[in-house]
Number of protein chains: 2
Amino acid sequence: MSSSPNAAILPSGFFACGISARIKKSGKKDLALFYSHAPCVGRAMFTANRIQAAPISVCRRHLRSGAIRGLIVNSGNANCMTGKKGEQDARDMAAWTAQALGVRPQEILVASTGIIGKPMPMQKVRRAIPGLAASLAPQGFGDAAQAILTTDTFPKMASVAVRVGGRKVIVAGVAKGAGMIAPKLRSATMLGFVFTDAAVSRAMLGEVLRESVEESFNAITIDACMSTNDTVILLANGMAGNPPILNGSVGHRAFRAAVKMVCLELAQAIVRDAEGATKFIEVCVRGARDNEEAKRLAFAVADSNLFKCAMFGSDPNWGRIAAALGAAGPDLSWEKMSIALNGQKVFAAGRPVPLRRRDLLKGSRVEAVITLGRGKGVFRVYTSDLTLDYVKINADYN
Amino acid sequence: MSSSPNAAILPSGFFACGISARIKKSGKKDLALFYSHAPCVGRAMFTANRIQAAPISVCRRHLRSGAIRGLIVNSGNANCMTGKKGEQDARDMAAWTAQALGVRPQEILVASTGIIGKPMPMQKVRRAIPGLAASLAPQGFGDAAQAILTTDTFPKMASVAVRVGGRKVIVAGVAKGAGMIAPKLRSATMLGFVFTDAAVSRAMLGEVLRESVEESFNAITIDACMSTNDTVILLANGMAGNPPILNGSVGHRAFRAAVKMVCLELAQAIVRDAEGATKFIEVCVRGARDNEEAKRLAFAVADSNLFKCAMFGSDPNWGRIAAALGAAGPDLSWEKMSIALNGQKVFAAGRPVPLRRRDLLKGSRVEAVITLGRGKGVFRVYTSDLTLDYVKINADYN
């Protein structure tokens with residue numbers, strides 16, 4: 001597995017590129033295109049936010065076509081709450097891209113990320129599309145990964161190769177996200193796009209995506225703010241030439257593991273690049289009644305501003321963990337609870353444990369493990385600290 | 001109504017004082033005592049957090065006695081998650097106070113606020129109680145209001161006089177709270193203590209308290225972090241000498257209005273003193289299906305870090321309001337939604353409204369009114385902005 005894929009470990013038949021269309025005032029890259037030589041089976045999951053950006057409805061409709069060829073993505077504008085005009089703009093982006101690629105509009109997906117409620121600068125987009133299409137290349141993934149960023153400080157890519165039915169299958173993905181990250185994908189502005197040359201059925205693709213997202217993109221939170229544009233898309237073009245993957249086979253497990261690894265690496269990269277963050281934090285709840293309860297409690301801690309501020313201060317203030325758990329509401333008994341920070345127990349058997357090391361949390365990684373002793377439920381959430389820079393970035397972003 | 005009560009507008013028969021017992025390293029006042037000459041009917045509401053501080057269980061038990069004479073409160077230590085020893089400590093605080101006042105232990109209530117998980121410095125408390133009891137005075141409310149503070153920057157007091165059955169009845173209260181404020185009182189660390197000389201039944205006192213808290217202490221949020229120690233206590237000693245208050249009478253309405261005014265003024269003072277805050281923000285949701293939905297949505301906006309950061313930046317970024325509403329989940333239709341900031345519509349009829357004034361939010365007050373157009377539900381939440389100082393206070397508090 002590599003986190004900076006090159007052409008050698010990209011899936012066969014995929015091309016990409018990223019340019020500046022001047023949507024961003026900064027002049028940074030803001031328009032990306034992904035293209036598959038062969039038609040793809042595609043599955044996607046979108047934000048659970050009731051307010052959804054215009055491109056999401058275009059994706060939902062076009063995914064029904066069953067043969068996806070491309071995906072155009074802009075950063076710098078979310079195209080959300082932009083009314084009927086915004087919906088037309090998203091459709092136009094698909095149509096113009098299709099025209100430039102010589103395919104049908106319903107074979108193109110669209111995604112956007114940026115500020116909510118501003119009209120899309122469609123003249124700039126229209127002018128940029130032919131040049132964008134002309135620069136597609138297998139080596140273009142790096143530029144594309146750049147072009148989808150907003151407040152991110154580095155591009156996020158991951159890829160894995162596995163053997164399926166005797167053929168090498170490659171799964172590669174790109175993602176963006178640094179703020180407004182608390183994805184609950186049912187089916188952040190977080191964007192994740194995963195491409196594979198596996199030959200795989202639509203049903204299996206959907207099931208593998210759901211399972212992978214649950215433990216990756218749906219297990220991260222930066223600021224507990226769910227975006228209107230969160231989108232994860234998984235496209236499979238079949239060009240690896242593997243035989244059909246049978247349910248429950250070794251190949252199925254290998255393919256699922258590959259997609260999970262790519263999704264988890266991208267999701268963790270988003271948390272590492274969290275706006276203003278100085279720490280990468282894992283909150284693991286064990287011994288809950290079930291995984292659902294473990295997940296709710298792990299998020300209650302990971303979303304607590306006071307916990308996140310204490311982490312910024314490298315302070316092992318486990319009282320804030322306890323307060324967050326108690327506020328999340330199940331009938332917890334703190335007599336059975338234990339809390340460990342970076343491997344040291346700080347609360348156990350109903351009592352505080354004296355700290356031996358005051359510098360326990362000085363490093364850039366924190367692992368908080370909460371054990372409840374009421375069942376077998378487990379869940380692990382990835383988050384970041386709440387810092388001065390997070391507030392600066394989100395108060396002074398104009 | 002006055003927000004800095006003096007003896008003239010304090011309820012008859014109540015005495016108070018506040019001193020330093022050296023629980024706080026700073027040497028600031030940290031121990032308060034409230035005393036009533038006549039036995040009080042008392043009702044209280046406590047945090048909905050499942051982790052509850054030791055003093056809360058003492059209060060629950062002693063409130064059953066039906067005749068409360070005093071309330072001892074310390075700041076600087078929450079006496080929470082302190083095990084069996086902490087429970088004994090809270091009982092001892094009541095017992096020692098009772099002894100100093102010549103009353104029974106079950107006539108004394110106890111409250112604590114401060115850091116979670118540290119043992120109470122009981123020797124200091126024991127030494128301080130006799131002197132504390134000796135300094136009780138009607139003019140002592142100001143000192144008591146000081147002694148219950150933690151990160152607060154000013155004491156919070158309010159009082160109201162009304163006529164009930166031909167007699168002047170006074171309702172006066174003190175409160176503290178500046179962080180870990182998202183109270184859900186069923187029955188912050190927010191502490192609110194309200195005293196009245198009204199003669200009122202236990203049942204009516206409970207009902208008036210519940211109603212008042214719902215629109216005051218339960219309508220504020222500073223950081224969405226529910227405390228383990230939140231406590232609101234309402235004590236009535238009957239010394240105004242009013243005739244029994246009949247259900248639904250003019251006197252009932254006057255008394256209820258007085259308690260509501262005192263609770264609301266104290267709750268708003270807590271938000272004005274929010275850790276690091278530069279703005280006092282009201283979020284009002286109208287036209288929801290019912291009040292419960294309006295409340296949920298108003299809190300979703302008020303608890304959004306991104307909304308709160310935008311307010312700190314004086315930026316009318318209503319997209320963050322919309323994202324927070326959509327994340328809260330009901331089947332909203334943004335075509336019917338409108339959003340106004342400080343009286344100016346920024347989103348209406350499915351479309352952004354161009355801003356005439358960029359300095360709309362420059363002042364220290366913000367009112368956000370969201371109209372949903374789907375019913376008659378209304379709720380108003382009071383909150384603060386998320387600032388650099390909030391993070392500093394909560395990362396570097398040692």
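Bear in mind that the values in this text are calculations on the coordinates, not laboratory data. From a predicted model like this one, the values you see are computed outputs, not experimental measurements. Cβ coordinates were reconstructed from backbone atoms using ideal geometry, including for glycine residues, and neighbour counts include every protein chain displayed.
Computed quantities for the displayed model
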read-out	value
Global geometry of the stretch A:107-244, whether rounded, prolate or oblate, following the gyration tensor of its Cα atoms and the 1.5 cut on a/c	oblate
Karplus-derived 3J(HN,Hα), 6.51/-1.76/1.60, for each residue of the stretch B:93-101, Hz, glycine and proline x	4, 5, 5, 5, 5, 4, 4, 5, 9
Antiparallel bridges, percent of DSSP beta bridges restricted to the protein assembly as shown (to nearest 5)	70 percent
Sequence-distant residues sharing a close amide H with A:ARG286 (under 5 Å, placed H)	A:ILE370, A:THR371, A:LEU372
Compactness index (Cα Rg / 2.2 N^0.38 Å), chain B	1.01
Tail weight of P(r) past 50 Å, computed on alpha-carbon pairs of the protein assembly as shown, percent	23 percent
Highest average packing first - B:110-118, A:274-282, Cβ atoms within 10 Å	B:110-118, A:274-282
For the stretch A:136-151, Karplus couplings with θ = phi - 60° (6.51, -1.76, 1.60), whole Hz, Gly/Pro x	4, 7, x, 7, x, 4, x, 5, 5, 5, 5, 6, 8, 7, 10, 7
For residues of B:333-339, the mean tally of beta carbons on other chains within 10 Å	2
Over the stretch B:1-85, volume per residue of the alpha carbon convex hull, in Å³	152 Å³
Position B:GLN99, label points 7 Å along Cα→Cβ, spacing to each other copy in nm (shortest first, one decimal)	9.0
Karplus 3J(HN,Hα) series, Hz, for the stretch B:291-302 with 6.51 cos²θ - 1.76 cosθ + 1.60 (x for Gly, Pro)	5, 4, 5, 4, 5, 4, 6, 4, 5, 4, 6, 5
Over the stretch A:225-350, equivalent-ellipsoid semi-axes from the Cα gyration tensor in Å	36, 19, 14
Electrostatic dipole magnitude of chain B [Cβ: Lys, Arg +1; Asp, Glu -1; Cα centre; debye, to 20]	300 debye
Set of aspartates and glutamates with alpha-carbon distance to A:LYS84 below 14 Å, sequence-local pairs under 8 removed	A:ASP92, B:GLU335
